[in-house]
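Below is one structure, written out as structure tokens, with a few remarks after it.
The values are calculated or read from the model by the stated rules, or taken from the named source; none is laboratory data. What you see is a predicted model, and the numbers here were worked out from it, not measured in a lab. No Cβ is skipped: glycine too gets one built from the backbone with ideal geometry, and neighbour counts run over all protein chains shown.
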Amino acid sequence: MRRLLMSFLSALALTFAAGAAKAADGGTLRSAMRTGCIEMGTLHTTCGHRLDETVLQGLVHIKWTGDGVQPMLAESWKTPDGGKTYIFSLRHGVKWHDGTPFTAKDVVFSLNLYANPKVGSPWAQKLGAVAGYKAFQDGSASSLAGVKALDEMTVQIELDSAKPLWVELQLIAISIFPEHILGKVAPGDVKGNAFWVNRVGTGPFIWKKYESDQYVEVDRNPDYFLGAPKLDRIIYQIYKDVPPIIAALETQEVDAMSYEGGGVPVSELARLQKLDYLTVLPKFSAGLPTYLQFNLENKRFADVRVRQAILYAIDRKAIIETVKQGAGELLNTLFPQDWARAKDLEPYDYNPDKAKQLLTDAGWDASQPVDFIYYYSDQMNVDTVTAIQSYLAAVGVNIQPRLLDPAAINQVYADGSFQMGFFAQGMGLDPSLGSPLIVCGAKPLAMGYCNLKVDELFNKGLESNDRAVRAVSYQEASRILNQELPKAWLWNEVRPLAFNNRIVGLAQHFKQQPLVIFNHPVYNEVEKWEVAK
């Protein structure tokens, strides 16, 4: 695979050297991406959203500064009733990359595709406030009652109650797809459809070529509605894990690292910081709750005493201080935002004796091993998993770690075989972004957890744009999640990143981000980036 990739890159270099005027003028950005981010598509992966910054797009994208949204396929919008009804005026003259005009039909189709229970998108809950969502989910309706096209270029979205922050906090996760292509695919067949490896979008770059588990090439869209990109192309080079990405940064094989699956290992920072062609952000906040995930539909983890015991059994402070070399903040509930967390949470200090007693009381069978899935392959996270394994073994919980890529993880979610694992979820922009992890019916990430009171509190948290008012709801939810532990919260993650200074606009934009913005297409003004002269 690496030989094929290097041959491809060498061929590109020869083309540039031969004097291809277009390439010389614009050049190529080479961005690392992890395996498993492509084939399943945006509806079912998180890392696939990075392609939605360049190929597919949404009505709005979150700004890289994290302080609002950028109009994209929606040119403007208004709410006549304080956030219960939104009317979007779509951008005129936009065409899909195959020349088909973009219309309201694409928007109505896409929102219904996300919400369709036959599709099973983990992002469906982002539309949970839309009128008719519950009826669609339970099969008593065949579409979202609250979504309608008023005319060819106007879409109305009605919510179940006023939510003035809905566009800024929920709609940003939703990409728009071509109805004339995916509309011909049965909802149950969308996952893994050939469209995802030959995407047709509206973005600044046009899908050119995909070599499985090697690279994706996207080329400049000269007709992009925000202006033709200065770069000629982006090559998303695909890597199985983090170490070869770090090596590729050092050798300048890539300009941008992936931020999914772990950033620069702390052990590698000093060396990379000495390289004058890299900008290294060593303490980049990830806004990333890291946790142990349980399948609550598995009877071994249904008893809260087992989940509490597992957390008491792990010396999290020691792991942060030693393995993670101080890179992390202890966390005892879902929210990384301090204002959203109550001050009277159970701290779950290291107490192996209490862990053993809780396991005994719950009737835990220590002879049965636990399949333990993890995704982060850099040495620090491998060492973290090893430390967790040792702590749990000491109290009679025998986990057997397995490293899987996103596609394989989604498969164990789908077939119900998932038991337990080590994961994280980027939600640093706002506590509301944690809803796919814990609200009732949020598949697959809620893992069988359902507390209607928590759902009610999340809903209330979006009904005001006053942080002090919102904090009351989230702090109450934080107490419930702290006690019920649908996931065993470990710490907030720091994710060091590094970028090559060869691309003007790349490092500059990440330096201005308040934290790593995960799981959403970001408006990074990529059409304005260029190769340094």
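Sub-6 Å Cβ pairs linking a first residue in region 119-135 that is small (G, A, S) to a second residue that is at pLDDT 95 or above and outside any loop (DSSP other than H, G, I, E, B), at least 6 apart or interchain, are S121/Y114; A124/Y114; A124/A115; A129/L159; A131/E158, ordered by first then second residue. Tell me which residues, restricted to region 454-476, are within 13 Å of P164 (Cβ to Cβ), small (G, A, S) and surrounded by 21 or more Cβ atoms within 10 Å (Cβ to Cβ). Hit for region 454-476 is G461, nothing else. Scanning for something within 25 Å of T202 (Cα to Cα) and either at pLDDT 75 or above or not in a loop (DSSP other than H, G, I, E, B) (or both), does region 11-19 turn up at least one residue? No - not one qualifying residue is present in region 11-19. Per the listing L296, L275, the residue uniquely touching a residue at least 24 places away in the same chain (Cβ under 8 Å) and not assigned by TED's automatic domain parsing to the domain that holds Y374 is L275. D378 satisfies every condition listed in (1) of a type outside the set (S, T, Y); (2) loosely packed, with under 14 Cβ neighbours inside 10 Å; (3) under 28 Å from the mean Cα position of the chain (by Cα); (4) more than 13 Å from N482 (Cα to Cα) except (2). Look at region 150-172: where a residue is among the basic types (K, R) and a partner is at pLDDT 95 or above and assigned to a loop (DSSP other than H, G, I, E, B), sitting 6+ places away or on another chain with Cβ atoms under 7 Å, you get K163/G83.
Specify the residue that is nearest to L506 (Cα to Cα); the eligible residues are those in region 195-230 that are assigned to a loop (DSSP other than H, G, I, E, B) and among the hydroxyl-bearing types (S, T, Y). If we take residues in region 195-230 being assigned to a loop (DSSP other than H, G, I, E, B) and among the hydroxyl-bearing types (S, T, Y), then Y224 is nearest to L506 (Cα to Cα).
Can you find a residue that is surrounded by fewer than 19 Cβ atoms within 10 Å (Cβ to Cβ) and among the small types (G, A, S) anywhere in region 101-116? Scanning region 101-116, I find no residue that is surrounded by fewer than 19 Cβ atoms within 10 Å (Cβ to Cβ) and among the small types (G, A, S), so the answer is no. E179 falls short of the stated requirement of being out of contact with any Asp or Glu (no Cβ under 8 Å at 6 or more places or on another chain) and of a type in the set (D, E). Number of residues in region 192-224 that are surrounded by fewer than 19 Cβ atoms within 10 Å (Cβ to Cβ), under 18 Å from W123 (Cβ atoms) and charged (D, E, K, R) equals 0.
Against the definition (assigned to a helix (DSSP H, G or I) and among the charged types (D, E, K, R)), how does K453 come out, yes or no? Yes: the conditions hold for K453.
Would you check which residues across region 145-194 are part of a loop (DSSP other than H, G, I, E, B) and among the hydrophobic types (A, V, I, L, M, F, W, C) and list them? Once the filter is applied, which keeps residues that are part of a loop (DSSP other than H, G, I, E, B) and among the hydrophobic types (A, V, I, L, M, F, W, C), region 145-194 yields A145, M153, A162, L165, I174, F177, V185, A186, V190. Run down S435, S464, S473 and say which single residue is at pLDDT below 95, of a type in the set (S, T, N, Q), assigned by TED's automatic domain parsing to the domain that holds N332 and part of a helix (DSSP H, G or I). Matching residue, one of S435, S464, S473: S435.
One residue alone among D213, D189 is acidic (D, E) and within 22 Å of the chain's Cα centre (by Cα), and that residue is D213.
Can you find a residue in region 33-50 that is part of a strand (DSSP E or B), modelled with pLDDT of 90 or more and either under 21 Å from the mean Cα position of the chain (by Cα) or not aromatic (F, W, Y) (or both)? Yes, region 33-50 has at least one match.
Just one residue in the set L169, L127 is crowded, with 19+ Cβ neighbours inside 10 Å, outside the structural domain of K443 (by TED's automatic domain parsing) and touching a Ser or Thr at 6+ places or on another chain (Cβ under 6 Å); that residue is L169. Here the condition is being surrounded by 22 or more Cβ atoms within 10 Å (Cβ to Cβ), out of contact with any Gly (no Cβ under 6 Å at 6 or more places or on another chain) and in contact (Cβ under 8 Å) with a residue 40 or more places away in the chain; of L485, L506, it holds for L485 alone.
Counting the residues of region 259-310 that are out of contact with any Phe, Trp or Tyr (no Cβ under 9 Å at 6 or more places or on another chain), hydroxyl-bearing (S, T, Y) and outside any helix (DSSP H, G or I) gives 2. Evaluate the following for V323: is it within 26 Å of P243 (Cβ to Cβ), free of Cβ contacts under 8 Å to residues at least 40 places away in the same chain and aliphatic (A, V, I, L, M)? For V323, the condition - within 26 Å of P243 (Cβ to Cβ), free of Cβ contacts under 8 Å to residues at least 40 places away in the same chain and aliphatic (A, V, I, L, M) - is not met. Being at pLDDT below 95, among the hydrophobic types (A, V, I, L, M, F, W, C) and surrounded by fewer than 21 Cβ atoms within 10 Å (Cβ to Cβ) holds for only one residue in V323, V370, and it is V323.
Would you mind stating whether W96 is aromatic (F, W, Y), modelled with pLDDT under 95 and closer than 21 Å to R50 by Cα? No, not satisfied. The set of residues in region 484-518 that are farther than 30 Å from A162 by Cα and assigned to a helix (DSSP H, G or I) comprises L506, A507, Q508, H509, F510, K511, Q512.
Against the list (1) under 16 Å from the mean Cα position of the chain (by Cα); (2) at pLDDT 95 or above, the condition R495 fails is (2).
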